[in-house]
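Quick notes on the structure that follows.
The values are calculated or read from the model by the stated rules, or taken from the named source; none is laboratory data. Keep in mind the model is a prediction, meaning the values are calculated, not measured. With ideal geometry, Cβ positions are generated from the backbone for all residues, glycine too; neighbour counts draw on all protein chains shown.
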Amino acid sequence: MAAAPEPIHDIAHLGSVELLTPKPEQSLWYFRDLLGMEPVHESGASVYLRGYGDYATSTLKLTGAKTNGVGCISWRAASPQALERRAKAIEDAGLGIGWSNGDYGRGRSYRFRDPDGHVMEIYYEEQKFVAPPELHSTLKNLPQKYTGRGVCVRRVDHLALLAKDVEANRKFATGLLGFQLREQVRYDDGKTEIGSWMSPTAIHHQLAYVVDVKAAHGRLHHFSLWVDNRDDVLRAADILIENGIFIEAGPSKHNNSQGFYLYSYEPGGNRVEIYSGSFLVTAPDWEPVTWDEKERGTGTYWGATLPDSFIEYATPDVQTDTKGPLPEVLKEAIASLS
């Protein structure tokens, strides 16, 4: 029997996500005042923020733009040598864009696109957050005190991207970036790959690819922020409703990932998930869990069925004719997003 290929451990974790918004002031209000993130820097049309438990100086970049969606997704490499290795592998695969001197709080970075067109980059050098006196925590191992402002999310957790070809993007993430596949959804006797959940860390997933029912490219399904427990998710529902924010789905529990969730739209139109629960994967020989259409059901372990908007809406939104048998089949599948 041939030996399994040596795992690639060159990516350490999800570093930062850039969200594009046509309503930058209102989006900043949502993330700062309602979700409790801390603004740390401004540059041009962008504001940089972080959760109170994020160790980097910034983990979310809000950029004013004509449309919404995801900008650049940044992954931290495990070492300077790992950065060079991954950059060469991606360049050799024909997906590279090139090197830059890095964004705020980060050093030299290699930018590229995944097979679906999402812009990503890898970097190693990162500025650690040093709290000013008013945010200093009495816990030496907590980068910033718990402010109790709004939801007060702790950290960035994951994001879900739509893709026209899930299999191609999953192979890119596992083969070139070294992510570990945690769970999959396959329909039609396993022939059609609907969604895949992957991670470079013990976190269940930091990246998901799910099929785009509108056959578009480069779109965002949701960006997820972590809170410590279910009570925090329930409290988030109260805070969002009291401030006029539309709650699309939840609080409920997914079967895939076992995550407890709440989905809302920030004012710029991007879907944001408040997330807790789930489980860690520490086993090096983890066998990916595969679900079929019968086992998946609606993707909800308990709670209300996810609405049609969860299937049909992503950012930027596109208007296409989705009539026909394939999208109808996929409607159940995409509801498995977590």
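Remarks
- Taking the range 68-127 and the strands (runs of 3 or more DSSP E) fully enclosed by it, the elements with 1 or more residues that are in contact with a Cys (Cβ under 8 Å, 6 or more places away or on another chain) and aliphatic (A, V, I, L, M) are at 119-123.
- Residues that are crowded, with 23+ Cβ neighbours inside 10 Å and either farther than 19 Å from Val272 by Cα or hydroxyl-bearing (Ser, Thr, Tyr) (or both), drawn from the range 201-219: Tyr209
- Cβ pairs under 6 Å, 6+ apart, first in the range 73-92 and crowded, with 19+ Cβ neighbours inside 10 Å, second of a type outside the set (D, E, K, R) and in a helix (DSSP H, G or I): Ala77/Leu83
- Residue match in the range 36-52 (condition: hydroxyl-bearing (Ser, Thr, Tyr), buried (at least 19 other Cβ atoms within 10 Å of the Cβ) and assigned to a loop (DSSP other than H, G, I, E, B)): yes
- Residue in the range 169-182 that is at pLDDT below 95 and farther than 21 Å from Thr282 by Cα present: no
- Here the condition is being over 19 Å from Arg219 (Cβ atoms), without any contact (Cβ under 8 Å) to a residue 40 or more places away in the chain, crowded, with 16+ Cβ neighbours inside 10 Å and of a type in the set (Ser, Thr, Tyr); of Tyr110, Tyr123, it holds for Tyr110 alone.
- Residue-level analysis places Gly178 outside the set of residues that are in contact (Cβ under 8 Å) with a residue 12 or more places away in the chain, within 21 Å of Asn270 (Cβ to Cβ) and either acidic (Asp, Glu) or in a loop (DSSP other than H, G, I, E, B) (or both).
- Looking across the range 88-127, the residues that are among the aliphatic types (A, V, I, L, M) and more than 29 Å from Val40 (Cα to Cα) come down to Ala89, Ile90, Ala93, Leu95.
- Residue tally, condition part of a loop (DSSP other than H, G, I, E, B) and either at pLDDT 90 or above or within 16 Å of Met198 (Cβ to Cβ) (or both), over the range 271-309: 10
- Within the range 235-254, one or more residues are in contact (Cβ under 8 Å) with a residue 40 or more places away in the chain, under 21 Å from Trp286 (Cβ atoms) and either surrounded by 18 or more Cβ atoms within 10 Å (Cβ to Cβ) or within 15 Å of the chain's Cα centre (by Cα) (or both).
- Sole residue being touching a residue at least 24 places away in the same chain (Cβ under 8 Å) and under 19 Å from Pro316 (Cα atoms), chosen from Ser264, Ser257: Ser264
- Residue that is farthest from the chain's Cα centre (by Cα) [pool: residues in the range 1-24 that are among the acidic types (Asp, Glu) and surrounded by 13 or more Cβ atoms within 10 Å (Cβ to Cβ)]: Asp10
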